[in-house]
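Right, one structure below, let's go through it.
The values are calculated or read from the model by the stated rules, or taken from the named source; none is laboratory data. Just so you know, these numbers come straight off a predicted model, no measurement behind them. Don't worry about glycine lacking a Cβ; one is built from the backbone with ideal geometry, like all the others, and counts go over all protein chains shown.
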Amino acid sequence: MSDEVAEVSPSEGEGKRQVRVVLVDDHRMFRAGVQAEIGVTETTGVDVVGEAGDVDQAVNVITATRPEVVLLDVHLPGGGGVEVLRRCAALMADAERPVRFLALSVSDAAEDVIGVIRGGARGYVTKTITGTDLVGAIFRVSDGDAVFSPRLAGFVLDAFASTDAPPVDEDLDRLTQREREVLRLIARGYAYKEVAKQLYISVKTVESHVSAVLRKLQLSNRHELTRWATARRLV
């Protein structure tokens, strides 16, 4: 068994029941790969009932299909995974048919992990997870369990270990969710036009967000911004 998640047994769900799943990721090829890996319902018990590539699509598909589990990427155009969670809060709170979320992301940054768990996700695994373990994680989350990649579980334990408020990056906390999205894309080397396309906003709006980020963080240019973001493992 892979060390990506706590002990799981995907075969427990096979032949007994199926779990309806929606895939949310802005990379079409990745969605296709996950679908091919886990979407053979007769074998895995996972029934992929919808896909989405941005926040608005995700909310619409989740609302329409009411899956048991959503595999949710953290970084999405339109507000990120946290925005999907915020807009689906009522579905998560439904006592009879709760929609549960499992974050599946390339990011292993503590900020991302803690952010989506605070938002209501039941677990967080990285994209290095095997297909077998991912199926097991889906079944566990559908049953209401929490599932984490081992190292990521430590972030959550550290954040919620005491009754005191968890440590907050005060500089990052000054930024809005959209400013954080722009920050990450700029730090990854995206041009303004590329950022605008990714987030479905105008180039002028991107420029405004970059100016606000530089001002709030007291940085002079995008090179300093990139160093700042890299030091905090935001890219």
The range 61-102, subset of a type in the set (Gly, Ala, Ser) and crowded, with 16+ Cβ neighbours inside 10 Å, residue modelled with the highest pLDDT: 81
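In this structure, does residue 206 turn out to be under 22 Å from the mean Cα position of the chain (by Cα), within 20 Å of residue 77 (Cβ to Cβ) and not assigned by TED's automatic domain parsing to the domain that holds residue 106? Before the answer, list the steps.
Numbers: under 22 Å from the mean Cα position of the chain (by Cα): no; within 20 Å of residue 77 (Cβ to Cβ): yes; not assigned by TED's automatic domain parsing to the domain that holds residue 106: yes.
So residue 206 fails the test.
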Contacts under 6 angstrom Cβ, first residue in the range 196-218 being under 9 Å from residue 182 (Cβ atoms), partner among the hydroxyl-bearing types (Ser, Thr, Tyr) and surrounded by 16 or more Cβ atoms within 10 Å (Cβ to Cβ), 6 or more apart: 206/192
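Look through the range 24-37, keep the residues that are among the acidic types (Asp, Glu) and assigned to a loop (DSSP other than H, G, I, E, B), and return whichever of them is surrounded by the fewest Cβ atoms within 10 Å (Cβ to Cβ). Step through it out loud before you land on a result.
Just the residues of the range 24-37 that are among the acidic types (Asp, Glu), to begin with: 25-26, 37.
Now drop any that are not assigned to a loop (DSSP other than H, G, I, E, B), which leaves 25-26.
On the way: 25: 27, 26: 18.
Of everything passing the filter in the range 24-37, 26 is surrounded by the fewest Cβ atoms within 10 Å (Cβ to Cβ).
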Filter result (surrounded by 14 or more Cβ atoms within 10 Å (Cβ to Cβ), at pLDDT 90 or above and either of a type outside the set (A, V, I, L, M) or out of contact with any helix residue (DSSP H, G or I) (no Cβ under 9 Å at 6 or more places or on another chain) (or both)) within the range 195-208: 205, 207, 208
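Scanning the range 130-157 for residues that are among the hydrophobic types (A, V, I, L, M, F, W, C) and surrounded by fewer than 18 Cβ atoms within 10 Å (Cβ to Cβ), which turns out farthest from residue 81 (Cα to Cα)? Outline the logic, then answer.
Narrowing the range 130-157 to residues among the hydrophobic types (A, V, I, L, M, F, W, C): 134-135, 137-139, 141, 146-148, 152-153, 155-157.
When the remaining residues are screened for being surrounded by fewer than 18 Cβ atoms within 10 Å (Cβ to Cβ), the result is 146, 153, 157.
Details: 146: 17, 153: 18, 157: 21 Å.
Ranking the candidates gives 157 first.
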